[in-house]
Amino acid sequence: MYHIDLQGLYKTYPGSTEAAVKNLSLAVEKGEIVTLLGPSGCGKTTTLRLIAGFERPDQGTISLGGRIVSSKSNWVPPEKRGIGMVFQDYALFPHLTVFDNVGFGYRERDKAERVREVLAIVDLQGYEKRYPHELSGGQQQRVALARALARRPIVVLLDEPFSNLDADLRTQMRVEVKDIIKEANATAVFVTHDQKDALAISDRIVVMRHGVIQQLGTPREIYQYP
Ligand code: ADP
Ligand code: ADP
């Protein structure tokens, strides 16, 4: 059983003549980091939004953690899919501390402990009382990642999380994010148009073009790398 299982997904947006995603199938193992790579408009974000449940496919089935969350007869809404998301703009609440940002929406009794735990994973112990504007871009991105991990998501989705970082920080964050995801034992789907991101972070790369998978393999298989 695959941890993420996409079968035969089709999505055409209303008013559009061409499908954004066509007969897309992809199986991801638990603990894997899979990158959707390809030029603007190839269907990466649509795929991510289908997994998250922000869009409903016209056809096809999506299973997460062995549960069907989207099919002709099943629909699980986004907030019930066990998804953690990281976006390019971090989307931290500016008026909340790091602690409250990371713990936002986490209602379990072990909240304080869990927040400390994920802050340790992203190497931000002791930053609980800071506000986002008191942090660097890389630190803010790590807070966003901690928030995504806090609820022990079945799947972490990362949509171009490095695009607002300068080149040096981007290079550093690629390695850090990979280590953090692995340490958290999370399964991740990562979207980028940057080949270097894909090479640095992925267990497998999905190269997309015009809504279809053009190539699928390890970085080594796809780019004879490293
Ligand atoms: P990518 O993330 O690879 O840039 P997208 O999944 O955003 O690609 O887009 C795939 C295709 O779907 C593009 O042709 C895009 O113009 C179209 N598209 C994306 N979102 C919408 C939308 N909300 N309405 C209509 N067309 C859309
Ligand atoms: P709303 O406006 O209904 O709160 P959003 O557009 O902010 O919805 O997000 C849509 C869904 O994605 C929500 O159900 C929310 O729980 C979930 N969501 C948004 N951001 C995150 C995140 N960082 N981690 C986990 N789930 C998230």
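Only one of the numbered conditions (1) of a type outside the set (D, E, K, R); (2) over 30 Å from residue 22 (Cα atoms); (3) free of Cβ contacts under 8 Å to residues at least 40 places away in the same chain is not met by residue 98, and that is (3). Applying a threshold of 6 Å to beta carbon distances and a minimum spacing of six or more residues, or different chains, the list of pairs starting in the range 26-54 at a residue that is in contact (Cβ under 8 Å) with a residue 12 or more places away in the chain and more than 7 Å from ligand 1 (Cβ to nearest atom) and ending at one that is in a strand (DSSP E or B) and of a type in the set (D, E, K, R) reads 27/5; 34/204; 48/159.
For the range 99-113, check the following and say yes or no: at least one residue is buried (at least 19 other Cβ atoms within 10 Å of the Cβ), among the hydroxyl-bearing types (Ser, Thr, Tyr) and within 15 Å of ligand 2 (Cβ to nearest atom). The answer is no, given that none of the residues of the range 99-113 is buried (at least 19 other Cβ atoms within 10 Å of the Cβ), among the hydroxyl-bearing types (Ser, Thr, Tyr) and within 15 Å of ligand 2 (Cβ to nearest atom). Among the candidates 43, 53, single out the residue that is within 16 Å of ligand 2 (Cβ to nearest atom) and on the phi > 0 side of the Ramachandran plot. On inspection, the qualifying residue turns out to be 53. Checked against the criteria, residue 222 counts as outside any loop (DSSP other than H, G, I, E, B), surrounded by 15 or more Cβ atoms within 10 Å (Cβ to Cβ) and free of Cβ contacts under 8 Å to residues at least 24 places away in the same chain. The residue that is nearest to residue 186 (Cα to Cα), counting only those in the range 4-32 that are among the hydroxyl-bearing types (Ser, Thr, Tyr) and surrounded by 15 or more Cβ atoms within 10 Å (Cβ to Cβ), is 10.
Quick note: the coordinates plus some simple rules give every number you see, no bench work behind them. Remember, it's a predicted structure, so these values are computed and weren't measured experimentally. Using ideal geometry, Cβ is built from the backbone for each residue, glycine included, and neighbour counts are taken over all protein chains shown.
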